[in-house]
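One structure is given below, encoded as structure tokens.
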Amino acid sequence: MAHPSQLGFQDAASPVMEELLHFHDHALMIVFLISTLVLYIIVAMVTTKLTNKYILDSQEIEIVWTILPAVILILIALPSLRILYLMDEINDPHLTVKAMGHQWYWSYEYTDYEDLSFDSYMVPTQDLIPGQFRLLETDHRMVVPMESPVRVLVSAEDVLHSWAVPALGVKMDAVPGRLNQTAFITARPGVFYGQCSEICGANHSFMPIVVEAVPLKHFENWSSLMFADA
């Protein structure tokens, strides 16, 4: 969960998000080193009164400043491509959930079950109880088993939406007439919040996403209760 004045990302709750955090730190360190070097060169050129003809016209320096950026780009591109393929990998999911975006709420359908679906609306501010978050809490949470691969099929009923949960490293556009898919594994139990990340209309900021990860036994109890209510 994000908090006020937070500078970094939320704590990772999935292996993919952990990889994204590591890549962010890796790329940020490279940017920091480049910025420091450029700043040093600028200060040195402004403050010194000395000139060196071998520096002003040097083939060796031209070779270095041509090869070095290429090496740096490779050091950034290879981890980036690795994570890109990891995010696209969906192997033998234990559970499939279809998330459908509407104006302005989400509906969820557990396709592995015969009849398990529900709508998820934001809880109005006046109905919140102590401990719940304004604009983030929903009346029905998407419950998933922890440490299990979960596939999410994402689409929309009317306009463009985007199903995003930062702590899980998941963000997938919901396009009318198109079925996109993404996957995640929750590494620990907890409640993870997200919001529609596509400007979808007047109430765009009022269609939150809440994913609750629980042990498998508790998930089975929850699904049984949902069937009983139906």
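The residue of the range 1-30 that is farthest from Leu78 (Cα to Cα), among those that are open to solvent by less than 80 Å² (accessible area, probe 1.4 Å) and free of Cβ contacts under 8 Å to residues at least 24 places away in the same chain, is Gln6.
If you go through the range 192-204 and keep only what is open to solvent by less than 50 Å² (accessible area, probe 1.4 Å) and either more than 10 Å from Trp163 (Cβ to Cβ) or of a type in the set (Gly, Ala, Ser) (or both), you end up with Phe192, Tyr193, Gly194, Cys200, Gly201, His204. All conditions in (1) within 18 Å of Glu19 (Cβ to Cβ); (2) in contact with a Ser or Thr (Cβ under 9 Å, 6 or more places away or on another chain) hold for Ile83, with the sole exception of (2). Restricted to the range 97-136, and to residues there that are more than 18 Å from Val175 (Cα to Cα) and of a type in the set (Val, Ile, Thr), the residue that is least open to solvent (accessible area, probe 1.4 Å) is Val123. The criterion of at least 3 residues that are in contact (Cβ under 8 Å) with a residue 24 or more places away in the chain, of a type in the set (A, V, I, L, M, F, W, C) and within 27 Å of Met87 (Cβ to Cβ) is met by the following strands (runs of 3 or more DSSP E) wholly inside the range 103-204: 142-145, 150-156, 161-165. The residues of the range 102-137 that are touching a His at 6+ places or on another chain (Cβ under 9 Å) and not small (Gly, Ala, Ser), listed by number, are His102, Gln103, Trp104, Trp106, Tyr108, Asp112, Phe118, Asp119, Tyr121. Among residues of the range 161-191 being more than 25 Å from His3 (Cβ to Cβ), surrounded by 20 or more Cβ atoms within 10 Å (Cβ to Cβ) and not hydrophobic (A, V, I, L, M, F, W, C), the one that is nearest to the chain's Cα centre (by Cα) is Thr182. Screening Glu62 against (1) part of a loop (DSSP other than H, G, I, E, B); (2) surrounded by 10 or more Cβ atoms within 10 Å (Cβ to Cβ); (3) not hydrophobic (A, V, I, L, M, F, W, C) leaves a single unmet condition, (1).
Might you check whether a residue that is out of contact with any Cys (no Cβ under 8 Å at 6 or more places or on another chain), under 20 Å from Val175 (Cβ atoms) and among the charged types (D, E, K, R) occurs anywhere in the range 86-96?
Within the range 86-96 (the criterion being out of contact with any Cys (no Cβ under 8 Å at 6 or more places or on another chain), under 20 Å from Val175 (Cβ atoms) and among the charged types (D, E, K, R)), the answer is yes, since at least one residue qualifies.
The values are calculated or read from the model by the stated rules, or taken from the named source; none is laboratory data. This structure is a prediction, so every number in the text was calculated from the model and none was measured. When we count neighbours, we look across all protein chains shown, and the Cβ atoms used for this are built from the backbone with ideal geometry, even at glycine. To get the accessible areas, we keep the full protein, side chains included, count just its heavy atoms, and leave off ligands, DNA and RNA. Shrake-Rupley method; radii C 1.70, N 1.55, O 1.52, S 1.80 Å.
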